[in-house]
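S.K.: To start, I am sharing the structure in question, which I have written as structure tokens.
The values are calculated or read from the model by the stated rules, or taken from the named source; none is laboratory data. This structure is a prediction, so every number in the text was calculated from the model and none was measured. Cβ atoms come from the backbone with ideal geometry, glycine included; neighbour counts cover every protein chain shown. All accessible areas refer to the heavy atoms of the entire protein, side chains included, with ligands and DNA or RNA removed. Shrake-Rupley method; radii C 1.70, N 1.55, O 1.52, S 1.80 Å.
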Amino acid sequence: MKTLYYCLFIVLFTGQSCSKLVEVDPPITKLTAGNAYTNDANAISVVSSLYASLSNYSFGRPGGIGSLSALGSLYTDELGFVHLPGNGTSVYDGFYSNKLSSTTYGAEYWEGAYTDIYNCNAALNGIAESHTLTPVVKKQLLSELKFLRSLYYYFIVNLYGDVPWVTTTDYTVNARVSRTAALQVLKNIQADLR
């Protein structure tokens, strides 16, 4: 017992800690927030990943903008939907019966679009604050990101009407944003594209 007190005394009063043992540097092959915008190649790969996210979809997994054309066709009665008995209610029922909302049927697009909008905002902030990117690449990437963000807003404002206009990654600000009128969102999109 005396030895335990002695060891505890040494650790507490000599300032010894094991922080060096638990702090691990990130792998050099991975992009992190600290190194994502330090050079042109890394910044371009961040924006490329957002394009990949845009094209990554499946009709069986709603939520990706790419599957919106097929599900939008269900919504507008261009396609028919046969509900199989015993399968329960699905998101396809919501599209086919024109019952879309941000909390029930169709919420997958709301959630997916705002995840991608958040990622666009994070990249916009990181690239805008970077002092090591070449000016030409920086301008190109900022323009592409504003286009992508505008595209997502265009899709969701046409699906849901009034939607929150979010341009930051600060969760304390984003939590208090209310819905913006659809006309104002379209004006914001237009301003971003200019």
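S.K.: Got a number for residues in region 159-173 being out of contact with any Lys or Arg (no Cβ under 7 Å at 6 or more places or on another chain) and either in contact (Cβ under 8 Å) with a residue 24 or more places away in the chain or open to solvent by less than 40 Å² (accessible area, probe 1.4 Å) (or both)?
M.R.: In the first step, residues of region 159-173 are kept if they are out of contact with any Lys or Arg (no Cβ under 7 Å at 6 or more places or on another chain); the result is 159-161, 165-173.
Next cut, either in contact (Cβ under 8 Å) with a residue 24 or more places away in the chain or open to solvent by less than 40 Å² (accessible area, probe 1.4 Å) (or both) only: 159-161, 166-169.
Adding up the residues that qualify gives 7.
S.K.: OK, next. With the structure loaded, tell me whether Thr169 is more than 19 Å from the chain's Cα centre (by Cα) and either part of a helix (DSSP H, G or I) or closer than 18 Å to Ala36 by Cβ (or both) or whether it fails that test. So that I can check it myself, show each step before the final result.
M.R.: Working: more than 19 Å from the chain's Cα centre (by Cα): no; either part of a helix (DSSP H, G or I) or closer than 18 Å to Ala36 by Cβ (or both): yes.
Judged against the criteria, Thr169 is not a match.
S.K.: Looking only at region 126-158, filter to residues that are open to solvent by less than 30 Å² (accessible area, probe 1.4 Å) and either aromatic (Phe, Trp, Tyr) or not in a helix (DSSP H, G or I) (or both); which one of those is farthest from Ala41 (Cα to Cα)? Even if it seems obvious, please write down each step before you answer.
M.R.: Filtering region 126-158 for residues open to solvent by less than 30 Å² (accessible area, probe 1.4 Å) gives 126-127, 130, 133, 141, 145, 148-150, 152-153, 156-157.
With the extra rule that they be either aromatic (Phe, Trp, Tyr) or not in a helix (DSSP H, G or I) (or both), the set shrinks to 130, 133, 152-153.
Working: Ser130: 13, Leu133: 9, Tyr152: 25, Tyr153: 27 Å.
Step by step, filter region 126-158, then rank; the result is Tyr153.
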